[in-house]
Each structure stands twice: as structure tokens, then as C-alpha cells.
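Please read the structure below before turning to the comments.
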Amino acid sequence: MAREEETRVKLLGLWVSPFVRRVEWALKLKGVSYDYVEEDIVNKSPLLLELNPIHQKVPVMVHNGKVICESFVLLEYIDETWKHRPLLPQDPYDRATARFWALFVEEKLMKNAWIAIFSEGEEKEKAHKVAIEAVERIEEQLKGKRFFGGDDIGYLDLAVGWVSHMLPVWDEMGSTNILDPLRFPSTTSWITNFLGHPLIRDNLPPRDRMWDYFHRKREQIMASRASD
Amino acid sequence: MAGDAVKLLGAWPSPVVMRARIALNLKSVGYEFVEENLGNKSQLLLQSNPVHKKIPVLIHGDKPVCESLIIVQYIDEVWSSGPGILPSDPYDLATARFWAAYIDDKWFPSLTGIAKAQDDGAKKAAIEQVSEGLALLEDAFRKCSKGKTFFGGDRVGYLDIAFGCFLGWLRVTEKMNGVELISRSKTPQLAQWAERFCADPAVKDVMPETDKLAEFAKVLFAKFKNPPSQ
């Protein structure tokens, strides 16, 4: 009985977190069942603090009694542990390329889009510009491809996956226009392909709930700035 | 593919460039080292890494690979018959990757925070932060090494490379601020590990001498204190 509990995967997450979501998609693509624990990030549980004392963040995965944190670390761990249906390409150069772009999108697009939607004026303009430049790079990478991974979803699609459903919501509530479909046709196609995959389509945060969440967050941030 | 020519674009003071050099040395891979002048970047660098325009860049045959830890993984995967750099067990590998990310995202920025501190109070706080990080890394060493010589076990591995590359700058910081960050009293395991790491054949010729690096640092830090006017 104890051994069964240990081999089962437990995932601590947050419904709106893109970092958690990409790990869930990976587990689902691999057909790995897991117990999901929704964390209250504002009132962090003793379990979360015990399992990830350094960062106190989700996702946290427990497998075979061992704790693994950080979403990109988890994607690689999942790919190495459950070897069927590979997420990363086989060729070392292609792997390096996928890892490079995953890091790039995280550092340039996610970071700057986040800043852009929660700021105003010059700060917003600057971040907005960098975010668009990042999408230009994505557009180049996607030209002629159904997915980053080729014919099917791979590591880089999962890493960038938040762009498909979260960035449009951010653009709407954040008064930004980062994902312009006229400007980025390949990216727009990719979004359709990605969201059309059954395992992705059935595993997305609800749109209106997302909108409310980010809209409220934006209001809180703007209000606290006004009172400074 | 493994037989194609290897070129590494870098600069001698750069710790992240050192990561790639150590990995190539561990695999006994011959390569041409191209010293870049960061104030006047070469066409080759700008073409090979158009996105970031940063070093290191590994050019294998005609293919550029960028980002130091991605380069180390690439080297391990291509020259797979040489001694393994990444841990073979997925959990040990996940642990090594976790700590490498911590070092890049949190610990090394805290180290440069000491140089950037504008007054004594800020400096003291920055030093404290670095020390707290080292206490975590001391603990990580105990867990990862499992009683052996390196984070990677019997030989230099991924996490040794990811962390050890910063030892030169750490020593310069200690010297310039009159503090001990890694010491036998505070971080006994790391102190021993640091000596062994720097003495390793794959490391010793690419780790810059502390005095030479300190001279370079003085020039660099002068720029932080008196940034050129916009």
C-alpha cells in the first residue's frame, strides 16, 4: 500500500498558473495519472512550504516519494522518466534549439507581456515593444510548421502553450496588442492547432475566470500605485 | 557529427564561458577559442547569436548553440562516449537542474549585488544574502555528493560546472570586500570542494587567476559606480 502511494504522482498547482499547466499537459500527453492539489497561493499550505521551502511556488511534483520543482525541470524529468511519446526531439542540436527558444519566450515574452499589462506610460510602451519583438521571433520559428515540434506537440509547444489562451486574455484586459493576428499569421495558426488538440482543449483554465482574475489583479496594482 | 570542427566564442573573464570550456575539456574535445572584445563584437558573434548577441556561443560544424547550460547539455549529448556530465538518474538530474537554475536566477545576481551596493548598509545586506545562499548550497552539496568529492559524485559534473565557474569572481569579491564567503568554518564542504574543483585538470587552465580577475574587476566596477552619462 505504501509503495503504491509513493509511485503515484502528486502535483501541487494553481488553476491559472501557466507553469503548472505546462506540466499537466506533459503528464496527460504521456498518459501519466496524477493527484492534483489546488494550492491557495495567498495562504500557502504547510505542505507547499515543506516541499518547496526555497521558492514557495507551484508547480511542485512528488514522485516515488521525491520532490521536484520548477516547470522546465519538470518537463525534462517527465520526458526522461516516461520515455514513450517523447516531448523533446532526439537530435542534440534540435534539443538545444528547443531549450533555447523555451528560455527565450519565458525571459522575453512572458516577462515583458506581464509588465506591459500591469503598467502604464513609458514602462508599458517599452515592455510592449520587447514583447512584440519576441513574438516576431516566434513567428519566424513557426513558419511552415504545424507545431514547433513538427507534426505533433512537443516540449517547445508546451513551454509556449500559455500564449495560446492566456496572452489573448492579457491583450484584452491589459489594453495591449501583442498578438496581432494580421501581423503574426503563423503564430495565429499555431494557436488554432494547439488549442484544437484534444488533450489541450480539455485542459485549459476557463476564459472568463481568467479574465476576472487578471482584471482584478490589474485593478489592485493600479490602485496601490495611485496611493503611493 | 562529433568529428566536425568546434569553435567557442567567449572571453577569459566570463564565468559562463568557462562552463562550456570545462565541458569540452572533460570530453577531451579540441576546439578553437575565439576571444571576443565585448565592446566591439565580431561579425561571427552577431551572426551566430543574433537574438542575444552574447557569449558563450559554441559553433559545431556550422551550427551555433547558445546559452551556457544548454551548451553543456549539448556537449554531453553529442560526445556521449566520453565521461558523463549530466547525472544519469532523472531525479538526480532534476535536482542538479534545480540548483543550476537557483544559482543563475538567485545566487549569482546576489553576488554581483555586492559590487553594485552603493553604501555600507546595502553592502552588508548583499553579503548576508550571498552567505544565506551559500548555506543552502552547502546543504545541497551534502545531498548531491552523497559523501563523494563533487556535486556530481566521483568526478566533475553538471552542477559542479554550473556553480564552480563562479569561484574566480567569488574570490575577487572576498578580496575586494575583506570578507570570507566560502570558508572552512562556515561552509566546510564547499571549501574543500572549491579546492578540488579548481585543481581538476578540466578546470585549472581555464579558471582565471584571482589577481588578474581582480584587476579586470576594478575597471568594470568603476563603471557601476560612475555609469557613463546617457
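Below are the figures for this structure:
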read-out	value
Under 13 Å from B:Lys204, Cα to Cα: aspartates and glutamates that are on another chain or at least 8 residues apart	B:Glu195
Using θ = phi - 60° and Karplus 6.51 cos²θ - 1.76 cosθ + 1.60, couplings along the stretch B:34-47 (whole Hz; Gly, Pro as x)	10, 6, 8, 9, 5, x, 8, 5, 6, 4, 4, 5, 5, 7
Translational D in µm²/s for the stretch A:2-81 (Stokes-Einstein at 37 °C, 0.692 mPa s, Kirkwood Rh from C-alpha pairs)	261 µm²/s
Local electrostatic count, B:Ser145, Cβ distance below 15 Å [Lys/Arg +1, Asp/Glu -1]	-2
When the stretch B:43-107 is reduced to its Cα atoms, the Kirkwood hydrodynamic radius in Å	13.3 Å
Kirkwood Rh (inverse of mean 1/r, distinct Cα pairs), chain B, angstrom	18.4 Å
The stretch B:6-78, Rg to Rh (Cα coordinates; Rh as Kirkwood inverse mean 1/r)	0.92
Mean Cα-pair separation over length for chain B, i.e. relative contact order, pairs under 8 Å, 6 or more apart, %	21 percent
Percent RCO, i.e. relative contact order, over the stretch B:52-188, from Cα pairs under 8 Å lying at least 6 residues apart	21 percent
Given charges at beta-carbon only (K, R positive; D, E negative), |dipole| of the stretch B:90-220 in Debye	180 debye
Estimated [θ] at 222 nm from DSSP helical runs (n ≥ 4, -39500 (n - 2.57)) normalised by residues in chain B, nearest 500	-17000 deg cm²/dmol
The protein assembly as shown: antiparallel DSSP beta bridges as a percent of all, rounded to 5	65 percent
Residue of B:Lys63, B:Lys116, B:Lys186 that the Gaussian network model of chain B assigns the largest fluctuation, springs spanning Cα pairs under 10 Å	B:Lys63
Mean separation of Cα contacts under 8 Å, 6 or more apart, over the residue count of the stretch B:57-115: relative contact order %	15 percent
Cβ-based exposure ranking for A:Ile68, B:Ile70, in which fewest neighbours within 10 Å come first	B:Ile70, A:Ile68
Spatially proximal lysines relative to B:Lys123 (Cα-Cα < 18 Å; intrachain offsets below 8 disregarded)	B:Lys106, B:Lys175, B:Lys218, B:Lys223, B:Lys225
Most positive-pole-ward Cα, A:Leu88, A:Val169, A:Ser71, against dipole of chain A from beta carbon charges	A:Leu88
Average projection area in nm² (convex hull over Cα atoms of the stretch A:120-194, one quarter of hull surface)	4.8 nm²
Number of Lys pairs (Cα under 27 Å; 8 or more positions apart or on different chains) in the stretch A:92-219	18
Inverse mean reciprocal Cα-Cα distance (Kirkwood Rh) of the protein assembly as shown, Å	23.8 Å
Cα-centre dipole for the protein assembly as shown with unit charges at Cβ (Lys and Arg positive, Asp and Glu negative), debye to 20	360 debye
Distance histogram in 5 Å bins (all Cα pairs of the stretch A:87-222, percent per bin)	2, 10, 20, 22, 20, 14, 7, 3, 1, 0
Net charge of Cβ neighbours under 11 Å - reference B:Gly61; Lys, Arg +1; Asp, Glu -1	0
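All of the numbers you see were taken from the coordinates with simple rules; none came from a lab. Worth saying up front: this structure is predicted, and the values here are computed from it rather than measured. Virtual Cβ from ideal backbone geometry, glycine too; neighbours counted across all protein chains shown.
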